[in-house]
1. Which of the numbered conditions does Thr304 fail, given that it passes all the others? Conditions: (1) touching a residue at least 40 places away in the same chain (Cβ under 8 Å); (2) under 22 Å from Met234 (Cα atoms); (3) surrounded by fewer than 17 Cβ atoms within 10 Å (Cβ to Cβ).
2. Among (1) open to solvent by less than 10 Å² (accessible area, probe 1.4 Å); (2) in the same structural domain as Val245 (by the TED database); (3) farther than 14 Å from Ile216 by Cα, which single condition is Asp118 missing?
3. I'd like to check something: does the range 38-47 contain any residue that is at pLDDT 90 or above, touching a strand residue (DSSP E or B) at 6+ places or on another chain (Cβ under 9 Å), open to solvent by less than 40 Å² (accessible area, probe 1.4 Å) and assigned to a strand (DSSP E or B)?
4. If you take the residues of the range 147-178 that are open to solvent by less than 10 Å² (accessible area, probe 1.4 Å) and part of a helix (DSSP H, G or I), which of them is farthest from Glu95 (Cα to Cα)?
5. Of these, Leu79, Leu126, Leu112, which one is in the same structural domain as Ala46 (by the TED database), in contact with a strand residue (DSSP E or B) (Cβ under 7 Å, 6 or more places away or on another chain), touching a residue at least 24 places away in the same chain (Cβ under 8 Å) and not β-branched (Val, Ile, Thr)?
6. Inside the range 72-88, can you point out the residues that are of a type in the set (Asp, Glu), buried (at least 19 other Cβ atoms within 10 Å of the Cβ) and at negative phi?
7. Take Gly221 and decide whether it is among the small types (Gly, Ala, Ser), on the phi > 0 side of the Ramachandran plot and free of Cβ contacts under 8 Å to residues at least 60 places away in the same chain.
8. State all residues of the range 135-146 that are among the β-branched types (Val, Ile, Thr), in contact with a helix residue (DSSP H, G or I) (Cβ under 9 Å, 6 or more places away or on another chain) and crowded, with 23+ Cβ neighbours inside 10 Å; if no residue qualifies, say none.
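The values are calculated or read from the model by the stated rules, or taken from the named source; none is laboratory data. In this text the structure is predicted, and so the values were computed from the model without any measurement. Cβ placement follows ideal geometry from the backbone for every residue including glycine, while neighbour counts extend to all protein chains displayed. Ligands, DNA and RNA are excluded from the accessible area calculation, which covers all protein heavy atoms including side chains. Shrake-Rupley method; radii C 1.70, N 1.55, O 1.52, S 1.80 Å.
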Amino acid sequence: MDTLQKGWFTEFSPDDLEVINNAASGDSKQLKSDGVEMGGAWPGQAFSLQVDEVLFHEKSKYQDVLVFKSRTYGNVLVLDGIIQCTERDEAAYQEMLAHLPMFAHPNPKRVLIIGGGDGGILREVLKHPSVEHVTMCEIDEMVIDVSKKWLPKMAAEFGNPKLNLFIGDGFEFLKAHKNEFDVVITDSSDPVGPAESLFGKSYYQLLSDALRDGGILSSQGECPWLDGNLIHTMNVFCKEIFANVKYAIGSVPTYTSGTMGYFVCSQERDVTTPARTLTSEEVQKWGLRFYNSSLHSAAFVLPTFVQQALEGKQSS
């Protein structure tokens, strides 16, 4: 089934779409951590947006890349049939994933971004005056190119002189970079296909090795409503590596179920309390639409079902 039909884009769970297309059983499209299957992404449900115009649609070396203008959410970036960001609600995800670790650190100077080819995390990181150098590792250059053209507000900082852009595998990059960064942020797609290696214990060990003393990392932590097995597995191995492992949640309407989770980890710091705070005037000056200093701590206050998911005690 074509995900673009009769003026609508429909986002199916990758395993369901494989079955719908009679391509296979769906087993090859399961979420994975260190090769262990963690179930379908969002089996049995789908999400649709009305399409005004298809702006770009090609296959890169790694994935299917689609950009379309939607009726109500602005331009939308889709990779392998899964929505990555929309102009209307991207700030909710970008600001939380970036500012939770950045504000938990008192003086972040060197930052590493794994993924983030749309440029949104880079934009947010560079709002911090203390930042002197940002390295970004993005495996798919086409994502950067289309974002510059069709998502210019997100991709606005790709020309910043503080940026060192590395086109390649972030996993491999980390092997050669130890004890270099104050903050490391993983902005990856779901663990199906190119991003699968970014959801395993060996990857998080490399993240830990890349951090300086007092460093902090954040990673997108999938959806607690849907991915309980995965976030429990990640929570367990993160606690084997880091002294402080916390999980935060926020709302992103165009992500499946509308809820997004974030792992924030450190060996030394309490990541739940911002080391630096913003006044209301500064929030406006920075152009923030979602994150603020009060929300920082509140995001780590979890509903019971999320606590249960992290502990592997999911309720029915």
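1. (1)
2. Checking Asp118 against (1) open to solvent by less than 10 Å² (accessible area, probe 1.4 Å); (2) in the same structural domain as Val245 (by the TED database); (3) farther than 14 Å from Ile216 by Cα, the one that fails is (1).
3. no
4. For the range 147-178, the residue satisfying everything is Leu174.
5. Leu79
6. Within the range 72-88, no residue meets the criteria.
7. Values: among the small types (Gly, Ala, Ser): yes; on the phi > 0 side of the Ramachandran plot: no; free of Cβ contacts under 8 Å to residues at least 60 places away in the same chain: yes.
Considered against the rule, which asks whether it is among the small types (Gly, Ala, Ser), on the phi > 0 side of the Ramachandran plot and free of Cβ contacts under 8 Å to residues at least 60 places away in the same chain, Gly221 comes out as no.
8. Hit for the range 135-146 is Ile139, nothing else.
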